[in-house]
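Asks: Starting off with a structure, shown below.
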Amino acid sequence: MAEILKVAMPKGRIYKKAAELFRAAGLLIDAEVDETRKLVIGLPELDMEFILAKPVDVPTYVEYGAADIGIVGKDVLMEENRDVYELLDLGIAKCRMSVIGLPNWQPGIQQRVATKYPNVASQYFREQGQQVEVIKLNGSIELAPLIGLADRIVDMVETGQTLKENGLVEMNRIFDITSRLIANRVSYRMKNAQIQSLCDRLQKVIAAEA
């Protein structure tokens, strides 16, 4: 009997896309799982257990071994900088990390940038040779330039519709984002056959859709 593979799955939009990918790879997750409010879901027929977590927490669960593998956006990986293996670009939940502001923005003596991603933002502006004060916010980042809290923001952009509706423009693209499959370093050694088998199945689907 195979060991149970513990999979940290992000709640929300990435979960739905990841579940579709798993199903396309022949891992038939019951549709009821998509609607459940349970946080830990046993899938004995797949030798798996899903741990449903906030996306930002997935790398932490994986690094500390509470989960063997996990699915997480590249944005979270870059921000959290956890000690995990990045195994596979799943090619789902595509968007980008960008610098955003009002169309009439001009650089001033003091520059403030609001973001959910202070590490990503600080590194980017350091690399650009710009001195900025980074302010961490947790929601409605678009508000910051509208009410004068910050000159610019660093945030994810998917369609750009929210920016347009709030009179903001995308100034610079920092990097493209997709969801990745990550693994705990010890689990990758101890459960290598299971993890590699999953990677191979997912890779076939990804290659077929490319």
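Asks: Does T36 fit the bill of being out of contact with any Cys (no Cβ under 6 Å at 6 or more places or on another chain), of a type in the set (S, T, N, Q) and more than 30 Å from R152 (Cβ to Cβ)?
Replies: Values: out of contact with any Cys (no Cβ under 6 Å at 6 or more places or on another chain): yes; of a type in the set (S, T, N, Q): yes; more than 30 Å from R152 (Cβ to Cβ): yes.
So T36 passes the test.
Asks: Residues that are closer than 22 Å to Q196 by Cα and touching a helix residue (DSSP H, G or I) at 6+ places or on another chain (Cβ under 8 Å): find the helices (runs of 4 or more DSSP H) completely inside region 1-86 holding 2 or more of those.
Replies: Details: elements: 13-24, 32-35, 58-63, 74-80.
Output list reads 13-24, 58-63.
Asks: Out of Q110, Q131, Q161, I need the residue that is touching a helix residue (DSSP H, G or I) at 6+ places or on another chain (Cβ under 8 Å), loosely packed, with under 12 Cβ neighbours inside 10 Å and without any contact (Cβ under 8 Å) to a residue 40 or more places away in the chain. Which one? Step through it out loud before you land on a result.
Replies: Details: Q110 fails: touching a helix residue (DSSP H, G or I) at 6+ places or on another chain (Cβ under 8 Å); Q161 fails: touching a helix residue (DSSP H, G or I) at 6+ places or on another chain (Cβ under 8 Å).
It is Q131.
Asks: Here's another thing I want to ask about it. So, in region 90-103, of the ones that are in contact with a Leu (Cβ under 8 Å, 6 or more places away or on another chain) and in a strand (DSSP E or B), which residue ends up nearest to L27 (Cα to Cα)?
Replies: Among them, the one singled out is I100.
Asks: Could you tell me which of the residues L5, L27 is of a type in the set (A, V, I, L, M), under 18 Å from L202 (Cβ atoms) and either surrounded by fewer than 15 Cβ atoms within 10 Å (Cβ to Cβ) or in contact with a strand residue (DSSP E or B) (Cβ under 6 Å, 6 or more places away or on another chain) (or both)? Explain how you work it out, then say what you get.
Replies: Working: L27 fails: either surrounded by fewer than 15 Cβ atoms within 10 Å (Cβ to Cβ) or in contact with a strand residue (DSSP E or B) (Cβ under 6 Å, 6 or more places away or on another chain) (or both).
Answer to the selection: L5.
Asks: List the number of the failed condition for K16; all other conditions in (1) under 23 Å from A207 (Cα atoms); (2) buried (at least 18 other Cβ atoms within 10 Å of the Cβ) hold.
Replies: Just one mismatch for K16, condition (2).
Asks: Between G167, G139, G108, which is over 25 Å from K94 (Cα atoms), in a loop (DSSP other than H, G, I, E, B) and of a type outside the set (A, V, I, L, M)?
Replies: Values: G167 fails: over 25 Å from K94 (Cα atoms); G139 fails: over 25 Å from K94 (Cα atoms).
G108 is the lone residue from the list that is over 25 Å from K94 (Cα atoms), in a loop (DSSP other than H, G, I, E, B) and of a type outside the set (A, V, I, L, M).
Asks: Just checking, which of I51, I71, I41 is touching a strand residue (DSSP E or B) at 6+ places or on another chain (Cβ under 6 Å), crowded, with 17+ Cβ neighbours inside 10 Å and modelled with pLDDT under 95?
Replies: Working: I51 fails: modelled with pLDDT under 95; I71 fails: modelled with pLDDT under 95.
So the residue among I51, I71, I41 that is touching a strand residue (DSSP E or B) at 6+ places or on another chain (Cβ under 6 Å), crowded, with 17+ Cβ neighbours inside 10 Å and modelled with pLDDT under 95 is I41.
Asks: For region 167-187, does any single residue satisfy the condition of being free of Cβ contacts under 8 Å to residues at least 12 places away in the same chain and out of contact with any strand residue (DSSP E or B) (no Cβ under 9 Å at 6 or more places or on another chain)?
Replies: Of the residues in region 167-187, the ones free of Cβ contacts under 8 Å to residues at least 12 places away in the same chain are none.
No: region 167-187 contains no residue that is free of Cβ contacts under 8 Å to residues at least 12 places away in the same chain and out of contact with any strand residue (DSSP E or B) (no Cβ under 9 Å at 6 or more places or on another chain).
Asks: Can you tell me which residue within region 170-198, out of those that are outside any strand (DSSP E or B) and under 18 Å from the mean Cα position of the chain (by Cα), is surrounded by the fewest Cβ atoms within 10 Å (Cβ to Cβ)?
Replies: Residues of region 170-198 that are outside any strand (DSSP E or B), as a first pass: 178, 184-198.
Those still in the list that are under 18 Å from the mean Cα position of the chain (by Cα) too: 178, 184.
On the way: T178: 15, N184: 26.
Ranking the candidates gives T178 first.
The values are calculated or read from the model by the stated rules, or taken from the named source; none is laboratory data. Please read all numbers here as calculations on a predicted model, not as lab measurements. So basically every Cβ, Gly included, is an ideal-geometry build from the backbone, and we count neighbours across all protein chains shown.
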